[in-house]
Amino acid sequence: MSGGFSPLTGFMNQGEYESVCHKMRLGSGVLWPMPITLDVKEEFAHTLQAGSSKIALRDPEGLMPAVLHVENVLAARPRS
C-alpha cells in the first residue's frame, strides 16, 4: 500500500511469479529478483477458490486496510 514494491500493485499472479523465478524479470521485462507472494498455511490455502475468494488483510491493531482478491492459489516451491 505504500508503493515500496513499485511497479507492483499487489501480490504476483502465477505468470509473474513464474517469470520472476525463471528469468528474474516481471512480465513487463523489468528486472525483479524475488517473488512477492502471500504465504498462508496449507489448511487455509485449501479453502481458497482462485478467482472468487477474498482475504481480509489486517494490521497489528486488527483494522482491515485492504481486501485481497485471490487470483491464483499456488503450492510452495521447494527450496534448492
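The values are calculated or read from the model by the stated rules, or taken from the named source; none is laboratory data. Just so it is clear, the model here is predicted, and its values are computed rather than measured. Cβ coordinates were reconstructed from backbone atoms using ideal geometry, including for glycine residues, and neighbour counts include every protein chain displayed. With ligands, DNA and RNA removed, areas are computed over all heavy atoms of the protein, side chains included. Shrake-Rupley method; radii C 1.70, N 1.55, O 1.52, S 1.80 Å.
Here are a few things to note about the model shown:
- Of the listed requirements (1) surrounded by 13 or more Cβ atoms within 10 Å (Cβ to Cβ); (2) of a type in the set (Asp, Glu); (3) over 20 Å from PHE5 (Cβ atoms), GLU61 misses just one: (1).
- First in the range 1-15 and among the aromatic types (Phe, Trp, Tyr), second anywhere and in a loop (DSSP other than H, G, I, E, B), Cβ under 6 Å, 6 or more apart: PHE5/ILE36; PHE11/ILE36; PHE11/THR37; PHE11/LEU38
- Among the numbered conditions (1) open to solvent by less than 70 Å² (accessible area, probe 1.4 Å); (2) of a type in the set (A, V, I, L, M, F, W, C); (3) out of contact with any Gly (no Cβ under 9 Å at 6 or more places or on another chain), the only one that ILE36 does not meet is (3).
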